[in-house]
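K.L.:
Input: one structure, supplied below.
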Amino acid sequence: MSKRFLPFIWLLLTVAAIGAGVGVNQWLGARAPASRDYHAYEPPLPLPEFMLTDHAGQLFDRSRFAGRWSFVFFGYTHCPDVCPAAMTLFQQLQRKLGPDAPVQYVLVSVDPERDTPAHLGAYVRHFSPAFVGATGPHAEIARLTGPLGVHYARGPERDGLYEVEHSSAIFLVGPDARLRAVFTAPQDVAKMAAGFARLKGA
């Protein structure tokens, strides 16, 4: 190949590389979440089959997510800080979205040894009579937490008391029982409401 063509060839390669880079950035950007305030699942992740019991003693399974949007938090009633904060956030979000919005707010307890349906009921009703509490055997809880990447672990017991380490994330499940997004801490009510509006309209 003649050396006089080398500069021209390098120019073509450079232009092609730049063009490819722009194309990749545009492709990635089109699939990035619409907001840094949450991570959107694209495509949405179907929830697995599981069988829990709600605070009224009724079956709480995958079908309970059908036909409405759901904000879901994994915690426990003896939690000293993160869980009351999350439930208060649910209160604020409920007021912002309105009581007639097709949305349910669910606390899944990862401490079934202490969180009986009656105890869960008293706890969630303290924040709102519309809130739902659910729990069950650890094997059934794991069927739900595992695919979502939710970690929890019971800490050491002292004088009959213990704490449970758990995620502080809040999950959004669509009316098709598919996971749509996760809001990680620190959460903000206004940003969550705006994110929900975007996801609902997507």
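K.L.:
Arg154 to Leu59: extension gain in nm, 0.36 nm per residue of separation minus the Cα-Cα distance?
P.N.:
Gain on stretching Arg154 to Leu59: 31.7 nm.
K.L.:
Also: Once both labels are modelled 7 Å past Cα along the beta-carbon direction, what's the Lys200-His138 spacing in nm?
P.N.:
3.8
K.L.:
Sort Ser109, Ser167, Ser128 so that the residue with the fewest other Cβ atoms within 10 Å of its own Cβ comes first and the one with the most comes last.
P.N.:
Fewest-to-most ranking of Ser109, Ser167, Ser128: Ser128, Ser167, Ser109.
K.L.:
Starting from 0.36 nm per residue, how many nanometres of slack lie between Asp188 and Ala130 once their C-alpha separation is accounted for?
P.N.:
The span from Asp188 to Ala130 would gain 18.8 nm if fully extended.
K.L.:
Please state, to two decimals, what the Cα-based radius of gyration of region 95-202 comes to when divided by 2.2 N^0.38 Å (N = residues).
P.N.:
1.18
Only the coordinates and a few stated rules stand behind these numbers; no lab work does. What you see is a predicted model, and the numbers here were worked out from it, not measured in a lab. Glycine also receives a Cβ, built like all others from the backbone with ideal geometry; neighbour counts cover every protein chain displayed.
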